[in-house]
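Notes follow once the structure below has been shown.
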Amino acid sequence: MKVFTTGQVAKICKVAPRTVSKWFDSGRLKGYRIPGSQDRRIPREYLIRFLKEHGMPLGDLEDEAMAKVLIVAQDQVLIENLRRELPVERSFKVAVAASGFDAGIQAESFHPDCVIVDFSIGRTEALQICQNLRRNAEFADIILIALLPDDGSSTSFDRSSINETFKKPFDAALLAERFRTLISAKKELV
């Protein structure tokens, strides 16, 4: 468990250390004192919860605390269902791309932990997205989830680059839970 001093919290929040001490002493910011001294320590999860409750930006903690999901799809109903199951309040940050080109741009700027690719955009394009992400060393450990259409066609392809597949129609809550399990192996969500 990562723990911060009041000085470190002050830098993250861009306030004076005395302000952090006041938050701590008033009970608004949870933490503990070092036995035998007056030094305060704030566990990472309490700090993140405090920042969220008070609408403060997470700053450098955002990459640690938020699970970033890139959805590559054109189906607006699917996108809205996934957004509903992956809310910001539950530590998810969602970006959407409608094509392979958009997906590449979003992946470079957003740095997602997971990419959900809807194969309804076109099997060839969807496979190309997955293969391009796997070829790039920067995205080697990204979680790739494929959403396969239930159109009766044979969906045989090399699945070695994909972590999980879901066949449509699927339960968005189940996908969200599976994603949460996969991402929890990589980072501690609050």
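Flag not set for I48, criterion: among the aliphatic types (A, V, I, L, M), surrounded by 15 or more Cβ atoms within 10 Å (Cβ to Cβ) and in a strand (DSSP E or B). Applying a threshold of 8 Å to beta carbon distances and a minimum spacing of six or more residues, or different chains, the list of pairs starting in the range 69-97 at a residue that is in the same structural domain as L148 (by TED's automatic domain parsing) and ending at one that is of a type in the set (D, E) and at pLDDT 90 or above reads I71/D118; V72/D102; V72/D118; A73/D118; Q74/D118; D75/D118; L78/D118. You will find that of A185, A107, the residue that is modelled with pLDDT of 85 or more and either of a type in the set (K, R) or farther than 15 Å from I79 by Cα (or both) is A107 and no other. Residues that are free of Cβ contacts under 8 Å to residues at least 40 places away in the same chain and closer than 30 Å to F50 by Cα occur in the range 123-145; there is at least one. Criterion first (assigned to a helix (DSSP H, G or I) and more than 24 Å from E108 (Cβ to Cβ)) does K30 satisfy it? The answer is no for K30.
Taken over the range 21-40, the residue count meeting the criterion of being over 15 Å from L58 (Cα atoms), touching a residue at least 12 places away in the same chain (Cβ under 8 Å) and touching a strand residue (DSSP E or B) at 6+ places or on another chain (Cβ under 8 Å) is 6.
No other residue among A67, A73 is in contact with a Cys (Cβ under 8 Å, 6 or more places away or on another chain) and among the small types (G, A, S) apart from A67.
Please verify whether the range 120-129 includes one or more residues that are touching a strand residue (DSSP E or B) at 6+ places or on another chain (Cβ under 9 Å), surrounded by 19 or more Cβ atoms within 10 Å (Cβ to Cβ), of a type in the set (V, I, T) and at negative phi. The answer is yes; a qualifying residue exists. When the residues of the range 131-148 are narrowed to those that are assigned to a loop (DSSP other than H, G, I, E, B) and surrounded by fewer than 16 Cβ atoms within 10 Å (Cβ to Cβ), which ends up modelled with the lowest pLDDT? Restricting to residues being assigned to a loop (DSSP other than H, G, I, E, B) and surrounded by fewer than 16 Cβ atoms within 10 Å (Cβ to Cβ), the top hit is A140. Selection within the range 60-74: residues that are at pLDDT 90 or above and out of contact with any Gly (no Cβ under 8 Å at 6 or more places or on another chain). The member of this set that is surrounded by the fewest Cβ atoms within 10 Å (Cβ to Cβ) is Q74. Look at (1) modelled with pLDDT under 90; (2) in contact with a helix residue (DSSP H, G or I) (Cβ under 7 Å, 6 or more places away or on another chain) and you find that P57 fails only one, number (2).
The values are calculated or read from the model by the stated rules, or taken from the named source; none is laboratory data. Predicted model, so just to flag it, every value in this text is computed and none were measured. Virtual Cβ from ideal backbone geometry, glycine too; neighbours counted across all protein chains shown.
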